[in-house]
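What follows is a set of notes on a single structure, which appears directly below.
The values are calculated or read from the model by the stated rules, or taken from the named source; none is laboratory data. Please read all numbers here as calculations on a predicted model, not as lab measurements. Every residue, glycine as well, gets a Cβ built from its backbone with ideal geometry; the counts of neighbours run over all protein chains shown.
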Amino acid sequence: MLLQESDGFARMPDYMTVGIGFAFAAAVQPGPLLAYAISQSLTNGWKRTLPIAFAPVLSDIPVVSLVLVILSSVPVGLQHVLQSAGGLFLLYLAWDALKSWRRSEKSPAAAQPRVLTVWKAVTVNLLNPNPYLGWSLVMGPLFLTAWRRSPGSGVVLLCAFYGTMVVTLMGIILTFGVARNMAPRVSRSLIGISAVALAVFGGIQLWLGVGALLKG
């Protein structure tokens, strides 16, 4: 195993490798934040959307604090509540993207302020149970182990994880921001697809969250 100890200590580069790999996998995995970032880059352009790449850093501050203080997984009931609330918020964002799609047929949609766009992305991530689960089951225990061995290893793990997350999201935003400059019909079609993706993710989260709460 990558972090298997041979002399009682895992090497610092091992933590860096794990942080990079886990962050890249999380960033490119289809999900609410990725769908929202793509939707905004197609609607507002990459320059206004680029700050969204920092949303995981901002949204994870309370998540990491909660997990590291409690040192246990988030209660199942809270996961379901977050899932349901996140589903509703994603459906709202899907409706917002749909309005942009309709407006783009007649005239370009008005770009949203950078600050509003970033905090919407932060809200998406806060209402998504995946960061809570990821930090409770993977990153939290790994960070505590690294920190106990060497605070430097813990810092390297965090920097590798969030640095890779931000850079990967920036690359995705830039890619779809360039696609926005294609023929208007192509750009409009991509906006419509992103609206559908947001609606699908929202519907799934709401269905799973409400269904679990009713069963519980």
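Mind checking which residues of the stretch 24-42 are of a type in the set (Val, Ile, Thr) and modelled with pLDDT under 80? The one that is of a type in the set (Val, Ile, Thr) and modelled with pLDDT under 80: 28. Only one entry of 81, 76 meets the criterion of being surrounded by fewer than 18 Cβ atoms within 10 Å (Cβ to Cβ) and either at pLDDT 70 or above or among the basic types (Lys, Arg) (or both), and that entry is 81. The sole residue among 45, 21 that is farther than 27 Å from residue 207 by Cα, at pLDDT 75 or above and exposed (fewer than 15 other Cβ atoms within 10 Å of the Cβ) is 21. Residues that are more than 14 Å from residue 14 (Cα to Cα) and in contact (Cβ under 8 Å) with a residue 60 or more places away in the chain within the stretch 140-155 comprise 140, 144, listed in sequence order. Residues that are of a type in the set (A, V, I, L, M, F, W, C) and surrounded by fewer than 22 Cβ atoms within 10 Å (Cβ to Cβ) within the stretch 136-155 comprise 137, 138, 142, 144, 147, 155, listed in sequence order. Within the stretch 118-147, the set of residues being farther than 24 Å from residue 159 by Cβ and modelled with pLDDT under 75 comprises 129 only.
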